[in-house]
Amino acid sequence: MMPAKEWARVFTLGRARGKIAELFEADAKRAERFSREACGILYDFSKTALSEESFAALLDLAEAAEVEAARDAMMRGEKINTTEGRAVLHTALRAGPEAVIEVDGQDVMPEVRGTLARMAAFAREVRKGPITDVVNIGIGGSDLGPAMTALALQPYADGPRVHFVSNIDGAHIHDVLKKLNAATTLVLVASKTFTTIETMTNAATARRWMAETVADPAAQFAAISSAEEKAAEFGIPAERVFGFEDWVGGRYSVWGPIGLSLMLAIGPEDFAAFLAGAAEMDLHFASAPLAENLPVIHALVGLWHHQVCGYATRAVLPYDQRLARLPAYLQQLDMESNGKRVSKAGEALAFGSGAIVWGEPGTNGQHAFYQLLHQGTEIVPADFLVAMQGHEEGLAHHHALLVANCFAQSQALMLGRDHEAPQRVFEGNRPSVTMAYEKLTPRMLGRIIALYEHRVFVEGAILGINSFDQFGVELGKELATALQPVLGGAEADLDSSTAQLVAFYRGYQN
Ligand code: F6P
């Protein structure tokens, strides 16, 4: 049930919010009061317009929306994905060795541990050689997780090089394969459903490429899928098929077999540390009181900025070149989960769905779109992420400059600057949160991703959304399937714009 009274109070306080800089002037302890430290992350949300009162009202909202009960139901394996009748248990993929988690009265953990052990054995074998390159073919959740994490954890990569092919655009697979030697390449076909047109088309192209030079191409393929029989039909033997259950959503799947390319790159031990980091955040999320709970606070800050203050977008600004794919990863996680116009019950949402997520690493973004962040008429709340230590020995001076830039940006956004020339005025009062941590290790990356996953969950729970289906991707797929023969000449009754585009395309075919 929608906690209308609590929402109304939050909106009232939102309208009366003060200036961020003034909140600092009024309270010498503001930074301390509006920061939390957990799982090695200093989460500073003091550079927002939240007051003690509005923060308390948001916590009341979370309580009234029964976020804790919803969280417990998810982690217990209840079928909270109601439209698809599925449990939501990505947390099981990283649960410790003692965990017992039941779906339909059956403990799923033996299977989870068994698959993880098979992945590790496979990874150890492959990492011995002669395989030098691994190509992960997948898209969406079957691409973004491993692609983002493999880049993020480059300093830990001591196995084969990993490459990612996702786009149906032939340019993608062409450009990746042309650098590789088929004889020493392993192809992973990663698709939960094993029907996704991009992935199946790319997989078929990779198999043809492999068959040109390799006598037994199937021996250099492995599959990652919930549809194991479809993988078998593709010709991949059962011992090289890594399955997972339908209670792992695509955008939550990097923790299991979909993470195999990451495991091949960094090794099973570092992959285990990645899982352990996420499990630490799960434990924190499951046990910390709401007012101390990082994912809950991050969600409340998100709702405050988007639903209450009306800021349409949110920027993810990692000061870490290796987190270059994090914004894209979070776009899927957040926008595919909460970009929905109706509630679980099918009713129109009262306060709007999830925000638009975008971003780029700093400092690069500073030389591109930060102009608008500082002086545009749109206010864009930002998440800054930054490690206190880099990995590059001998380049600590680079890192100090990176950190100084990160801290300076949140300061500039908040404080602004007066000037006699209006073009040079910075209004300030632009909110941000900063997440600071020691170093981007596998463990820390696991914690950060789990923090965002649970943030999306809490926002969805408070808005009353089912964050775990994605019917919004279907219509475009259906229309593309229907248009393909039309491009080839078939008749169709089309709107005049689409008909014109089709005619233009046909005009360029021989
Ligand atoms: O089209 C969206 C989507 O279904 C995502 O949710 C998913 O991560 C992606 O496509 C890939 O799906 P699959 O792993 O089944 O190929």
The helix 294-303 Cα axis meets the longest alpha-carbon principal axis of the chain at an angle in degrees, between 0 and 90 and rounded to 10, of 70 degrees
Computed about the Cα centre, the charge dipole of segment 32-78 from +1 Lys/Arg and -1 Asp/Glu charges at the Cβ has a magnitude in debye, to the nearest 20, of 220 debye
Under the 7 Å Cα-to-Cβ spin-label approximation, K29 and Q375 lie apart by a distance in nanometres of 4.0 nm
Sorting N181, L445, A219 by the position of each Cα along the dipole of the chain (Lys, Arg +1; Asp, Glu -1; all at Cβ), the one nearest the positive end of that ordering is N181
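If I compute solvent accessible area with a 1.4 Å probe over the protein chains, what percent of it on the chain is carbon and sulfur?
On the way: 12170 of 22750 Å².
Whole-percent figure for carbon plus sulfur exposure: 54.
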Taking a straight Cα-to-Cα line shorter than 21 Å from K192, and setting aside same-chain lysines fewer than 8 residues away, one finds K79, K230, K477
Which residues qualify? For I465, with a placed amide H closer than 5 Å and at least 5 residues away or on another chain, they are K344
Residues other than D320 with Cβ under 14 Å of its Cβ, Lys/Arg counted +1 and Asp/Glu -1, net out at -1
The chain: relative contact order from alpha carbon pairs under 8 Å, six or more residues apart, as a whole percent, is 19 percent
So, with points 7 Å from each Cα along the Cβ direction, the H398-T82 label distance in nm works out to 5.1 nm
FRET efficiency (E427, R36; Cβ distance; R0 41 Å; to 0.05) is 0.90
Computed ³J(HN,Hα) along segment 332-343: with the Karplus parameters 6.51/-1.76/1.60, θ = phi - 60°, integer Hz and x for glycine or proline, the list is 5, 4, 7, 6, 6, 7, 10, x, 9, 8, 10, 7
Under the helix-only model (-39500 (n - 2.57) for each DSSP H run of 4 or more, divided by the residues of the chain), the mean residue ellipticity at 222 nm, to 500 deg cm²/dmol, is -13500 deg cm²/dmol
SASA check, R506, accessible area w/ 1.4 Å probe, all protein chains in place, rounded to nearest 10 Å², comes out at 100 Å²
Gyration tensor on Cα atoms of segment 90-271, a ≥ b ≥ c root eigenvalues, a/c under 1.5 rounded, else prolate if a/b beats b/c, else oblate, says prolate
Scoring segment 1-138 by relative contact order with C-alpha pairs under 8 Å, at least six apart, yields a percentage of 16 percent
Counting only backbone N atoms under 18 Å from a point 7 Å out along Cα-to-Cβ of L487, the residues of segment 172-197 in range are 172-175, 196-197
Between the residues W247, Q366, A355, the Cα farthest towards the positive end of the dipole of the chain, that dipole coming from +1 and -1 charges on the beta-carbon of Lys, Arg, Asp and Glu, is from Q366
Contact order relative to length for segment 90-271, counting C-alpha pairs under 8 Å separated by 6 or more residues, stands in percent at 30 percent
Taking a straight Cα-to-Cα line shorter than 26 Å from K439, and setting aside same-chain lysines fewer than 8 residues away, one finds K47
Site S287, offset 7 angstrom along Cα→Cβ, radius 12 Å on amide nitrogen, limited to segment 16-47, gives 39
Expressed in µm² per second, the diffusion coefficient of segment 396-492 from the Stokes-Einstein equation, with Rh the Kirkwood radius over alpha carbon pairs, at 10 °C and 1.306 mPa s, is 83 µm²/s
Expressed in square angstrom to the nearest 10, the accessible area of S497 with a 1.4 Å probe stands at 70 Å²
If the chain between A368 and D418 were fully extended at 0.36 nm per residue, the gain over the current Cα-Cα distance would be 15.7 nm
Given a 1.4 Å probe, the accessible area of the chain per residue, as a whole number of Å², is 45 Å²
Any aspartates and glutamates whose Cα falls less than 13 Å from that of K5, other than same-chain ones fewer than 8 residues away, would be D60, E63
Which residues qualify? For I224, with a placed amide H closer than 5 Å and at least 5 residues away or on another chain, they are V189, A190, S191, F242
A correct Karplus calculation of ³J(HN,Hα) over segment 120-127, with 6.51 cos²θ - 1.76 cosθ + 1.60, θ = phi - 60°, whole Hz and x for Gly and Pro, returns 5, 5, 4, 4, 4, 4, 4, 5
The answer for the net charge of residues other than V357 whose Cβ lies under 10 angstrom from its Cβ, with Lys and Arg +1 and Asp and Glu -1, is -1
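Please list T149, T481, T441 from largest to smallest accessible area, probe radius 1.4 Å, with all protein chains kept in place.
Output order, biggest surface exposure first: T481, T441, T149.
For the chain, count the residues as N, evaluate 2.2 N^0.38 Å, and divide the Cα radius of gyration by that value, please.
1.02
The values are calculated or read from the model by the stated rules, or taken from the named source; none is laboratory data. Values in this document were obtained by computation on a predicted structure and should not be read as measured data. Neighbour counts run over all protein chains shown; Cβ positions are idealised from the backbone, glycine included. Just so you know, the surface numbers come from the protein's heavy atoms only, side chains and all, with ligands and any DNA or RNA stripped out. Shrake-Rupley method; radii C 1.70, N 1.55, O 1.52, S 1.80 Å.
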